[in-house]
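None of the figures in this text is laboratory data; all of them are computed from the coordinates on show. Since this is a predicted model, take the numbers as computed values, not measurements. Here the Cβ positions follow ideal geometry from the backbone for every residue, glycine too, while neighbour counts run over all protein chains shown.
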Amino acid sequence: MGHSIASIASLPVEVKLELLSCAPILRHVSREWYRLHDALYAMKCARIDDYRLMKEHLERHRELVERGFEELEPLRLLCRQARAQAPAGRVESIEERTVGAWYWIYYTLFIYPLVPNISEPVEVITCASTSHISIWVELVQRQPGLRPTFALQVDARYARGASQDDEGSQDVLHFEMRYTVDSFVAERMTEPGYYCLSLPELPLSDPRQHPLQLRLAGRVMGTGSTALRLLALDFAPYQKQKQWVMFRASGRAYDALVRRRTGSCALEHSDDTEREGIANPKREFVFRFPRDEPLNEHLDWTAPYLG
């Protein structure tokens, strides 16, 4: 056994990084492997337009990232202690502060992001090989015969490259996706509140696995559409092994979700005292197959989704 561990430890760094990309659990082997795992995801982030777009993304989500660092601090000490600290009087850059948190950043911002305010065009970068999405809406009043259709305008281009002549600036996809909510789902939207509806996957698979920069804009039409308010697109799958079609959550839970995954408030008149009292808020799921039951409901689903 000791000989096997010694053999793994003697492998070249490039081989270790490749092994970690296939089996992330290897980060638990030793401190060196844990630090290499962090470096691997730092390199994945750096692939996004040679760091420019990624740095802009970090600055845009600075409040979210800083709050996440507070939660992660006990877990990432191994990485932060391994490098020299900033000299006295100099404030660490956001890049330096991210040491030990690159895995969290990569999945939170680039694999499973939450994209608010989709009634207007918004931009997001995705590095996911598949793009499961769902849409958050608020039903503001009871609406008999509700049967909405969601339309999502998508413009996608490679995230790498800033030159107009570079492939990074060329559109690779331009389409509008429409989805009409099934009647058995719509008939369960009887009470005003916050609903998350599963949409078909975006056809964004790229054999070269380039990061994609998406420009998205949503609208709702159809029967009862005036009773719905579009809120956000959500790339987190939540119940990976179950075919869920909808779940309902409270306004406070939705506000907590947005605060923890974007750094901003969702509700104009939210109560911090009430919000802090939420412990693993519940969801009311509707599944494609009625016998299915929710998985991992003991976990706090408002936290950033990491797979």
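Annotations
- Chain lengthening between Leu299 and Arg188 when straightened (0.36 nm per residue, less Cα-Cα): 37.5 nm
- Residues Gln141 and Glu18, FRET efficiency given R0 of 41 Å [Cβ-Cβ distance, rounded to 0.05]: 0.15
- Inter-site label distance for Arg215 and Leu11 at 7 Å from Cα along Cβ, in nm: 4.3 nm
- Packing-based ranking, highest mean first, of 284-295, 119-130, 216-227 given that Cβ atoms within 10 Å are counted: 216-227, 119-130, 284-295
- Local net charge near Asp234, Cβ-Cβ under 15 Å (Lys/Arg +1, Asp/Glu -1): +3
- Stokes-Einstein D for segment 173-232, Kirkwood Rh over Cα pairs, 20 °C, 1.002 mPa s (µm²/s): 150 µm²/s
- Alpha carbon centroid spacing (whole Å) that separates segment 101-117 from segment 194-266: 13 Å
- Residue-span extension gain [Thr149 to Ser129] - 0.36 nm each, minus C-alpha spacing: 4.6 nm
- Peptides 234-247, 137-150, 35-48 ordered by average Cβ neighbours within 10 Å, highest first: 35-48, 234-247, 137-150
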